[in-house]
Amino acid sequence: MAGMVSKLVVVLVILAVHGACDTSGLDPNFYVNKCPTALEIVRSAVKKAVAEEARMAASLLRLHFHDCFVQGCDGSVLLDDNATFTGEKTAVPNNNSLRGFDVVDNIKTELENACPQTVSCADILAIAARDSVVLSGGAWWSVALGRRDSRSASLSGANQNLPAPNSTLQTLITKFKLQGLNQVDLVVLSGGHTIGMSRCVSFRQRLYGLNGDANPQNIDNNYLTNLKSGCPSSGGDSNLSPLDDVTPTKFDNDYLKNVQSLKGLLISDQILYTKGQSTKNIVDYYAGDELLFMKQFAESMVKMGNIKPRTGSHGEIRKNCRRMN
Ligand code: HEM
Ligand SMILES: *[C@@H]1O[C@H](CO)[C@@H](O)[C@H](O)[C@H]1NC(C)=O
Ligand SMILES: *[C@@H]1O[C@H](CO)[C@@H](O)[C@H](O)[C@H]1NC(C)=O
Ligand SMILES: *[C@@H]1O[C@H](CO)[C@@H](O)[C@H](O)[C@H]1NC(C)=O
């Protein structure tokens, strides 16, 4: 335990030094004077939500990912549809799947009470993602802040940029590359699947081989049998299975070990190991060293969080995360 703590300290110092030469225009101290309680308000609200439901940590982490891959980290994912506006919530990867919007609303309400129109919805997502990882047992990182909220959203962007669970490995690599993320980022950020749940509809092809890249032959036999009992070949689309069957609510590197033993839940998880030598090597490397995984996860999250932020006079600080001012 003492060894683990000291290694973590080393990790944190390395991250702090990296943070000092950030080039995104964002700043970890952005709210220190503008809203000194901002970080604590988010942390305690996330803590309460995760205490009520452990899965909420996963849902909040995923919200930040789905925000950043569409127009950058700008809170676009949070905008509600109405008669004259179409946002991203009904995109295929999001519809009936994204959750945590009510938690974000609660955080925003508290922040508006403490510091009106000061803390953006995009920053709430970035901080909540970090706090969710820490509360689940992952490593802390310094979140650079100062993102502003978009005055637009993109349904087509959400459908095009977000990877599908049956994307080919080449498609996964390309979609990450388009966001400035490399294969290490792809594998390690996929390690976010160490927490949270998937619906049957997202992994049915993996169990029954209904499409070209679906591969029941690349799946552990007992795991396959167990999964089939909760996810029939038709019906039960919303039945849930954990993305990491070993420790479903703990942030650790078991996801990578699962993938090594052909127990990745999604096709997109398993093919990192079975369809490419370089991504396989990355899986093996981080499956073999949990602290290095935690450190790289934090680094890759910083990179993802820096995708195209609106700063300066671009965008706005929404009063309500669900609609533009
Ligand atoms: C590599 C490409 C990725 C694909 C194809 C993918 C796909 C998916 C799918 C299909 C689900 C289940 C959704 C459902 O059935 O409702 C899911 C859940 C999840 N994803 Fe990903 N994902 C990817 C990358 C990531 C990244 C980069 C992160 C974060 C760093 C992430 C975090 C999560 C989390 C935490 C959940 C569980 C959410 C919950 O329980 O509410 N994923 N993902
Ligand atoms: C989104 O989900 C709703 C509710 O299940 C459904 O009625 C609608 O057709 C879905 N929209 C899309 C675009 O898939
Ligand atoms: C992924 O699944 C969809 C819907 O089931 C299907 O139309 C598509 O062809 C599949 N793509 C691949 C690469 O298997
Ligand atoms: C619809 O949503 C847009 C974007 O959030 C917003 O600007 C507009 O005021 C909304 N319209 C209504 C009638 O609520």
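All of the numbers you see were taken from the coordinates with simple rules; none came from a lab. These figures come from a predicted structure and were not determined experimentally. As a convention, Cβ positions derive from the backbone with ideal geometry for all residues, glycine included, and neighbour counts pool all protein chains shown.
Within the span defined as the stretch 268-284, every residue fails to be in contact with an Asp or Glu (Cβ under 9 Å, 6 or more places away or on another chain), closer than 25 Å to residue 57 by Cα and away from ligand 3 (no atom under 16 Å from the Cβ).
Could you check, for the stretch 229-249, whether at least one of its residues is within 29 Å of residue 295 (Cα to Cα) and near ligand 1 (Cβ under 8 Å from one of its atoms)? Looking through the stretch 229-249, at least one residue is within 29 Å of residue 295 (Cα to Cα) and near ligand 1 (Cβ under 8 Å from one of its atoms). Going by what's in this entry, would residue 199 be described as closer than 17 Å to residue 63 by Cβ and surrounded by fewer than 19 Cβ atoms within 10 Å (Cβ to Cβ)? The answer is yes for residue 199. Looking across the stretch 144-164 at every residue that is assigned to a loop (DSSP other than H, G, I, E, B) and crowded, with 24+ Cβ neighbours inside 10 Å, the one that is nearest to ligand 1 (Cβ to nearest atom) is identified as 147.
Looking only at residues in the stretch 81-94 that are over 16 Å from the mean Cα position of the chain (by Cα) and within 16 Å of ligand 3 (Cβ to nearest atom), the one that is surrounded by the fewest Cβ atoms within 10 Å (Cβ to Cβ) is 92.
Residues that are touching a helix residue (DSSP H, G or I) at 6+ places or on another chain (Cβ under 9 Å), within 16 Å of ligand 4 (Cβ to nearest atom) and more than 17 Å from residue 320 (Cα to Cα) within the stretch 46-90 comprise 70, 71, 90, listed in sequence order. It is to be established whether one or more residues within the stretch 236-255 are assigned to a helix (DSSP H, G or I), surrounded by 22 or more Cβ atoms within 10 Å (Cβ to Cβ) and either under 16 Å from the mean Cα position of the chain (by Cα) or among the aromatic types (Phe, Trp, Tyr) (or both). Yes: one or more hits.
Right, residue 190: closer than 24 Å to residue 95 by Cβ and either more than 9 Å from ligand 1 (Cβ to nearest atom) or in a loop (DSSP other than H, G, I, E, B) (or both) or not? So residue 190 fails the test.
Picking from residues in the stretch 102-143 that are surrounded by fewer than 17 Cβ atoms within 10 Å (Cβ to Cβ) and within 16 Å of ligand 1 (Cβ to nearest atom), the one that is farthest from residue 310 (Cα to Cα) is 137.
Quick one: would you say residue 292 is in contact (Cβ under 8 Å) with a residue 24 or more places away in the chain and either surrounded by fewer than 17 Cβ atoms within 10 Å (Cβ to Cβ) or over 23 Å from residue 223 (Cβ atoms) (or both)?
Answer is no for this residue.
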